[in-house]
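Below is one structure, written out as structure tokens; the observations come after it.
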Number of protein chains: 2
Amino acid sequence: MSKQSSRRAYTGRVIDVDIDTVQFPNGSTGELEMVRHPGASAVVPFLTDPYAGDPQILLIKQYRYAAEDFIYEIPAGKLDAGEDPAECARRELREETGCTAEKIEHLCTFYTTPGFTDERIHAFMATGLTRGTVAHEKDEFLSLETVTLSRALELIKTGELKDAKTALAILFVAGFRLER
Amino acid sequence: MSKQSSRRAYTGRVIDVDIDTVQFPNGSTGELEMVRHPGASAVVPFLTDPYAGDPQILLIKQYRYAAEDFIYEIPAGKLDAGEDPAECARRELREETGCTAEKIEHLCTFYTTPGFTDERIHAFMATGLTRGTVAHEKDEFLSLETVTLSRALELIKTGELKDAKTALAILFVAGFRLER
């Protein structure tokens, strides 16, 4: 599918919208609208040894205008221009929880909703945390909650945890990293 | 966080963009941009008994302009106006794979990326499938692949499966529904 032309239909603060004219594999052409996003990092913060017992993780409960509610999430945020995803994960962890991490390990990278946006989220796990002070952005309203990994899985199973990146990162780390 | 005013900054085919002026919990006001989406359904199609051995599921490999590549996904699509999410899952399953399902069961509902869109995806599992003919939309280019559940989990673990809704729905069903 090749791009023949593109026009920017909307320029925003976090996202832009392009309308691209593309040629499809069968030779026909059409228009596709695409929400352009710089990408983001997200991180599962382990407060205790992830490989011992039922480890503790840090969740944030954040008011999301999109959800008209507070929802559980892991620390996350968009990449600055040219920023390395692992560095972004460290920065968002520090900014949203006040924690610095000894170790940041990549879990997976995924398209959040590829039908209409090119946003990719890079998910990490953070270990060896040191607590510090928090510096929230003006439009962020959040509190921190410490839960066990098994409790986080329960929140996913019951539907109380409704954020896709958070559920996916936790299921990924529980299923593929902490198996013994 | 209460809405004080809203203006539509972009009207599209699948999504719209609103710029809302909102009052934050601390009393200050600001603007938030929000990609408005009608919501969608997605469905994990089981070709064999999900509770027996290593069941077979149907994946689609679809060209996504956002990813500039073919990516693995489960059948999914946006809700028509007033459409019940379970009906949407049945319809998308039929349209994208030609299969009709005896049984559609809800797995979970999640926000795809609540930082900038209100899109929610309702994930289902489908069992008792009957194969039929496929009717693809003009701008859909996809092929069907049958994989075992353990192979699908391997694709998630290795990062070959890059679509969040697909990874989340498969990890959810494998972790919470098929446990014995």
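None of the figures in this text is laboratory data; all of them are computed from the coordinates on show. These figures come from a predicted structure and were not determined experimentally. Methodologically, a virtual Cβ is constructed for each residue, glycine included, from the backbone with ideal geometry; neighbour enumeration extends over all protein chains shown.
Scanning the stretch A:77-115 for residues that are within 8 Å of another protein chain (Cβ to nearest Cβ) and touching a Leu at 6+ places or on another chain (Cβ under 9 Å) returns A:Cys108, A:Phe110. Restricting the stretch B:3-17 to residues that are surrounded by fewer than 17 Cβ atoms within 10 Å (Cβ to Cβ) and either basic (Lys, Arg) or in contact with a Ser or Thr (Cβ under 8 Å, 6 or more places away or on another chain) (or both) leaves a set whose member that is nearest to A:Ala67 (Cα to Cα) is B:Lys3.
The stretch B:17-78 holds strands (runs of 3 or more DSSP E) entirely within its bounds, and those carrying 1 or more residues that are among the basic types (Lys, Arg) map to B:29-36, B:56-64, B:76-78. Within the stretch A:57-70, the set of residues being buried (at least 20 other Cβ atoms within 10 Å of the Cβ) and either aliphatic (A, V, I, L, M) or over 21 Å from B:Val35 (Cβ atoms) (or both) comprises A:Ile57, A:Leu58, A:Leu59, A:Ile60, A:Ala66.
Looking across the stretch A:156-180, the residues that are surrounded by 19 or more Cβ atoms within 10 Å (Cβ to Cβ), in contact (Cβ under 8 Å) with a residue 60 or more places away in the chain and not charged (D, E, K, R) come down to A:Leu161, A:Thr166, A:Leu168, A:Ala169, A:Ile170, A:Phe172, A:Val173.
Take the stretch A:11-52 and flag every residue that is more than 25 Å from A:His122 (Cβ to Cβ) and either in contact with a strand residue (DSSP E or B) (Cβ under 9 Å, 6 or more places away or on another chain) or of a type in the set (A, V, I, L, M) (or both).
Narrowing the stretch A:11-52 to residues more than 25 Å from A:His122 (Cβ to Cβ): A:19, A:21-31, A:52.
Answer for the stretch A:11-52, where residues must be more than 25 Å from A:His122 (Cβ to Cβ) and either in contact with a strand residue (DSSP E or B) (Cβ under 9 Å, 6 or more places away or on another chain) or of a type in the set (A, V, I, L, M) (or both): A:Ile19, A:Thr21, A:Val22, A:Gln23, A:Phe24, A:Pro25, A:Thr29, A:Gly30, A:Glu31, A:Ala52.
Each row is one residue, and each column tells you yes or no for (1) under 19 Å from the mean Cα position of the chain (by Cα); (2) facing chain A (nearest Cβ under 9 Å).
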position	(1), (2)
B:Gln23	no, no
B:Leu32	no, yes
B:Pro38	yes, no
B:Ser41	yes, no
B:Val44	yes, no
B:Ile57	yes, no
B:Lys61	yes, no
B:Ala66	yes, yes
B:Pro75	yes, no
